[in-house]
Amino acid sequence: MLKWVTCVAVLVGTALYAEGAIIQFDDFSSTAGLALNGDAAKVNTADGWVLQLHTGDPEMRKGSTYWQTPVHVGVFNTAFRFRINTPGIGPTDPEGEQGADGFVFAVQGSAAGANSLGEAGDKLGYKGVLPSVAVEFDIWKNVSDALNHDPSSNHLGILVNGVVDHGAGAPWTKSVATRFDDTGIWYAWIDYDGATLSVRVSQSSDRPAEADLTRAMDIPSILGRESGYVGFAGASGSGLSSNRILSWTVVPEPSGIGLMLGLGAALAIRRKRRAG
């Protein structure tokens with residue numbers, strides 16, 4: 001199995017001054033280069049300085065953050081660690097689960113650019129952001145009035161053009177047995193090889209050999225350009241949760257996965273298992 005690593009070959013800390021360079025945040029003690037929108041903010045927690053997409057307040061909170069410079073998206077790799085905290089109070093969804101609502105990693109080319117922010121609640125701060133592609137990490141099942149066609153209370157999804165409704169049969173989704181808000185740190189890897197978007201998640205730093213979810217797509221054609229803004233958006237509705245990104249790396253080049261997993265040019269992330 002491949003270990004979770006971040007790149008230190010060429011750039012250290014936070015850097016992206018061209019479409020083909022690397023973005024790297026080992027933590028979020030500095031958010032230089034990021035646009036923080038809505039409720040998004042850097043917060044000092046037991047995990048260190050993290051990027052909190054919104055507060056735990058239940059009243060329709062939302063936030064997003066995007067790198068301010070467009071990134072080459074013809075081929076790219078990104079990896080990040082996240083923690084979702086849910087206090088165990090508040091309303092429950094049809095499966096009896098609490099929390100709200102989840103977040104997305106998005107690649108978008110909207111007119112608002114790095115300041116883009118969609119709707120709150122089950123819309124995850126993403127609905128209405130287009131053109132775009134997003135990977136959804138959802139912890140609330142929305143089914144009333146056929147909303148979203150969520151397959152379960154804890155699932156991945158691949159979304160296009162700001163639409164959060166998966167449609168009948170919920171294609172391009174994958175339910176995950178262990179909840180993302182189980183108080184632990186989760187690891188995510190999202191890779192695009194120019195033809196297929198692949199998503200992997202794990203509670204371990206070992207990168208799974210097989211993808212959890214894939215979708216064939218032409219991202220530059222969807223965006224109408226070879227570059228886009230990359231980042232995250234999250235939201236809450238009537239439930240309580242805090243969606244936090246702990247570290248993040250983007251390598252927007254065909255050689256990216258080699259850099260991310262390079263033998264002499266990589267550094268294992270130190271993990272902290274304390275709750276934020």
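The values are calculated or read from the model by the stated rules, or taken from the named source; none is laboratory data. Being a predicted model, the structure only gives us computed values, none of them experimental. Quick reminder, even Gly has a Cβ in these numbers, built from the backbone with ideal geometry, and neighbours come from all protein chains shown.
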### Cβ pairs under 7 Å, 6+ apart, first in the range 113-133 and in contact (Cβ under 8 Å) with a residue 12 or more places away in the chain, second assigned to a helix (DSSP H, G or I)
PRO131/ILE222; PRO131/LEU223; VAL133/ILE219; VAL133/ILE222
### Task
Working carefully through the options GLY167, GLY99, find the one that is touching a residue at least 60 places away in the same chain (Cβ under 8 Å), over 22 Å from PRO252 (Cβ atoms) and small (Gly, Ala, Ser).
GLY99
### Query
How about the range 148-185: which of its residues are surrounded by 17 or more Cβ atoms within 10 Å (Cβ to Cβ), of a type in the set (A, V, I, L, M, F, W, C) and more than 22 Å from VAL129 (Cβ to Cβ)?
VAL176, ILE185
### Task
Considering only the range 29-52, state which residues are in contact with a Ser or Thr (Cβ under 8 Å, 6 or more places away or on another chain) and either of a type outside the set (A, V, I, L, M) or surrounded by fewer than 18 Cβ atoms within 10 Å (Cβ to Cβ) (or both).
SER30, THR31, ALA32, GLY33, ASN37, GLY38, ASP39, LYS42, GLY48, TRP49, GLN52
### Message
So in the range 91-143, with the set limited to residues that are touching an Asp or Glu at 6+ places or on another chain (Cβ under 7 Å) and among the aliphatic types (A, V, I, L, M), which one is nearest to HIS72 (Cα to Cα)?
### Response
VAL104
### Query
How do the pairs read when you match residues in the range 201-230 that are more than 21 Å from VAL73 (Cβ to Cβ) with residues anywhere that are β-branched (Val, Ile, Thr) and surrounded by fewer than 16 Cβ atoms within 10 Å (Cβ to Cβ), using Cβ under 7 Å and keeping only pairs 6 or more apart or on different chains?
GLN203/THR178
### Query
Consider VAL129 against the criteria (1) surrounded by fewer than 21 Cβ atoms within 10 Å (Cβ to Cβ); (2) within 26 Å of LEU240 (Cα to Cα); (3) out of contact with any Leu (no Cβ under 7 Å at 6 or more places or on another chain): it satisfies all of them except one. Which criterion is unmet?
(1)
### Task
Look at the range 95-122 and say how many of its residues are in a loop (DSSP other than H, G, I, E, B), at pLDDT 95 or above, of a type in the set (S, T, N, Q) and surrounded by fewer than 24 Cβ atoms within 10 Å (Cβ to Cβ).
1
